[in-house]
């Protein structure tokens with residue numbers, strides 16, 4: 001339950017992505033309604049797919065409980081997955097948008 | 001059939017989001033831009049994933065993966081980092097296209113009422 005292996009890097013990944021946008025890339029993505037609507041849709045589908053991957057009755061991915069907060073919601077999804085997924089998708093969206101700014 | 005679960009899930013994600021490329025400026029239709037957006041982020045997450053697997057933070061149920069391995073991880077996990085952001089980009093592309101269409105429609109209505 002120390003959470004060092006997953007909880008900590010998941011939180012750090014979110015901070016890194018935020019700093020990347022606010023201090024380096026400055027694409028303005030976070031100020032667009034399209035981004036937040038998209039993240040809402042992505043979140044909905046993440047719950048479905050991630051729910052399937054992490055369900056404790058027949059898990060595809062198995063987490064070491066020593067390295068997570070132990071909070072699993074909804075269903076059996078470790079909450080860390082939402083930070084991890086947000087950082088992954090937002091990171092790519094930022095680099096996608098940056099190429100629009102440049103053109 | 002069970003060992004294809006993870007691969008099928010990823011395939012389903014690609015299939016469901018595929019039509020979203022036909023609206024707006026598209027994602028697959030800009031392969032260079034897609035590659036430049038994906039590569040750095042995927043590289044970072046692959047390193048994170050490889051470390052997490054090596055440190056036994058998480059592992060994969062052999063029952064539900066193909067057994068095909070790339071260095072450090074199952075093939076499925078590598079594909080995950082490519083497939084999921086593409087789905088995100090396609091969603092964003094479609095939302096942008098939808099909002100743009102709504103804006104033009106509103107403009108047209110405003111134009112008509114002005115005349």
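The numbers here are math on the coordinates, done by the rules we state, and not lab data. Fair warning: this is a prediction, and the values are worked out from it, not measured in the lab. Don't worry about glycine lacking a Cβ; one is built from the backbone with ideal geometry, like all the others, and counts go over all protein chains shown.
Table for the structure above
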{"read-out": "Two-decimal log10 I(q)/I(0) for the range A:7-102, as the Debye equation yields it once each C-alpha is a single scatterer, q = 0.10, 0.11, 0.12 Å⁻¹", "value": "-0.31, -0.38, -0.44"}
{"read-out": "For A:58-66, mean number of other protein chain Cβ atoms within 10 Å", "value": "5"}
{"read-out": "Cα-based radius of gyration of chain B once divided by 2.2 N^0.38 Å, which approximates compact folds", "value": "1.47"}
{"read-out": "Solution diffusion estimate, µm²/s, Stokes-Einstein, the protein assembly as shown, Kirkwood Rh from C-alpha pairs, 10 °C, viscosity 1.306 mPa s", "value": "86 µm²/s"}
{"read-out": "Nearest-ten-degree value, helix B:31-54 long axis tilted from longest Cα axis of chain B", "value": "30 degrees"}
{"read-out": "Förster radius 41 Å - calculated FRET efficiency between residue B:54 and residue B:101 (Cβ-Cβ, nearest 0.05)", "value": "0.30"}
{"read-out": "Cβ-Cβ FRET estimate between residue B:109 and residue A:22, R0 fixed at 30 Å, reported to 0.05", "value": "0.20"}
{"read-out": "Peptide B:46-54 - average C-beta neighbours from other chains (10 Å radius)", "value": "2"}
{"read-out": "Three-way shape call for the range B:1-60 based on the alpha-carbon gyration tensor, with the a/c threshold at 1.5", "value": "oblate"}
{"read-out": "Alpha-carbon centroid distance for the pair the range B:1-41 / the range A:42-103, whole angstrom", "value": "16 Å"}
{"read-out": "Partner chain coverage, peptide A:33-40 - average Cβ within 10 angstrom", "value": "5"}
{"read-out": "C-alpha long axis of helix B:5-17 to longest principal axis of chain B, angle in °", "value": "10 degrees"}
